[in-house]
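*Asks:* Once you've had a glance at the structure underneath, I'll fire off some questions.
The values are calculated or read from the model by the stated rules, or taken from the named source; none is laboratory data. Just so it is clear, the structure is predicted and the values come from calculations on it, not from any experiment. In this analysis, Cβ positions are derived from the backbone assuming ideal geometry, glycine residues included, and neighbour counts consider all displayed protein chains. Areas reflect the complete protein model, heavy atoms only, side chains present, ligands, DNA and RNA absent. Shrake-Rupley method; radii C 1.70, N 1.55, O 1.52, S 1.80 Å.
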Amino acid sequence: MDTPPLPADPLLTDGDVLLRRHRDADLDGVLAQGSDPVTQRWVPVPVPYGPQQARDYLAAVRADHGAGRALALAVEVGGRFAGSVDLRLEGAGWAEVGYGLAPWARGRGVGVRALRLLLVWAFDEAGLTGVHWRALVGNEASRRTARACGVRVEGTVRGLLDHRGERRDGWIGSVLAGELVR
């Protein structure tokens, strides 16, 4: 069974956190997030990360929207860009999730709320069966966020992730629709 394309333009909110398509106005927020040392430690963004890399990211997420195989949404809180969450289809009703927050939005529960919004939509609206999560070993913030949404961290895989040309050990987990903590 192949997975149908993802709908192109969901607008999701819990009243405080909003998930929406990226806009040109997000450029400064994307730049701040991508050049942040914590982001660069855990996410394989280009280093150095400048305005061109931020523009390239925004262009890439717009192209992915049109293809229906991936969906990246901006996280907004109080009218301010707070990060991004995304789903990348893997086939047979499964996708992989990714997320990252701007430094100012961390430690406030924004990541859990954004991930939960995306996962509820993925299961209830997009009809996915399951979602995989991966992170570099040691990324405790990502692990806590995933577990708070019901992701079962299932193990450590040697050389799982390519991090700027170097194979690094990674954690892997999954969540099924019935396991999601709503």
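*Asks:* Being assigned to a loop (DSSP other than H, G, I, E, B) and of a type in the set (K, R) is the requirement here; does R113 meet it? Give the steps one after another, and end with the answer.
*Replies:* Details: assigned to a loop (DSSP other than H, G, I, E, B): no; of a type in the set (K, R): yes.
When the stated conditions are applied, R113 does not pass them.
*Asks:* Related question: Would you please name the residue that is modelled with the lowest pLDDT, looking only at residues in segment 139-182 that are assigned to a loop (DSSP other than H, G, I, E, B) and surrounded by 14 or more Cβ atoms within 10 Å (Cβ to Cβ)?
*Replies:* Applying the first criterion (assigned to a loop (DSSP other than H, G, I, E, B)) to segment 139-182 yields 139, 149-151, 164-165, 180-182.
Filter once more, so that each one left must be surrounded by 14 or more Cβ atoms within 10 Å (Cβ to Cβ): 139, 149-151, 180.
Working: N139: 98, C149: 97, G150: 97, V151: 98, L180: 89.
Of everything passing the filter in segment 139-182, L180 is modelled with the lowest pLDDT.
*Asks:* Of all the residues that make up segment 74-97, how many are in a strand (DSSP E or B) and open to solvent by 10 Å² or more (accessible area, probe 1.4 Å)?
*Replies:* Filtering segment 74-97 down to residues in a strand (DSSP E or B) leaves 74-77, 80-91, 94-97.
Restricting the remaining residues to those that are open to solvent by 10 Å² or more (accessible area, probe 1.4 Å) gives 76-77, 80-81, 84, 86, 88-91, 94, 96.
Within segment 74-97, residues that are in a strand (DSSP E or B) and open to solvent by 10 Å² or more (accessible area, probe 1.4 Å) number 12.
*Asks:* So which pairs qualify, if the first residue must be in segment 131-153 and more than 19 Å from V38 (Cβ to Cβ) and without any contact (Cβ under 8 Å) to a residue 40 or more places away in the chain, the second must be open to solvent by 10 Å² or more (accessible area, probe 1.4 Å) and among the small types (G, A, S), the Cβ gap must be under 7 Å, and the two must be at least 6 apart or on different chains?
*Replies:* Within 7 Å, the pairs are V151/S174; R152/S174.
*Asks:* Pairs, please: C-beta under 7 Å, at least 6 apart or cross-chain, first residue in contact (Cβ under 8 Å) with a residue 24 or more places away in the chain and in segment 160-182, second polar (S, T, N, Q) and part of a strand (DSSP E or B)?
*Replies:* That search, which allows pairs on different chains as well, returns D169/T156; W171/T156.
*Asks:* Next up: Within segment 109-123, is even one residue under 20 Å from S35 (Cβ atoms) and at pLDDT 95 or above?
*Replies:* Scanning segment 109-123 turns up at least one residue that is under 20 Å from S35 (Cβ atoms) and at pLDDT 95 or above.
*Asks:* Let me ask another. If you scan segment 9-59, which residues turn out to be more than 15 Å from the chain's Cα centre (by Cα), within 18 Å of V112 (Cα to Cα), open to solvent by less than 80 Å² (accessible area, probe 1.4 Å) and among the hydroxyl-bearing types (S, T, Y)?
*Replies:* Within segment 9-59, none qualify.
*Asks:* Continuing with the same structure: Quick one: is W133 of a type in the set (F, W, Y), open to solvent by 10 Å² or more (accessible area, probe 1.4 Å) and outside any loop (DSSP other than H, G, I, E, B)?
*Replies:* So W133 fails the test.
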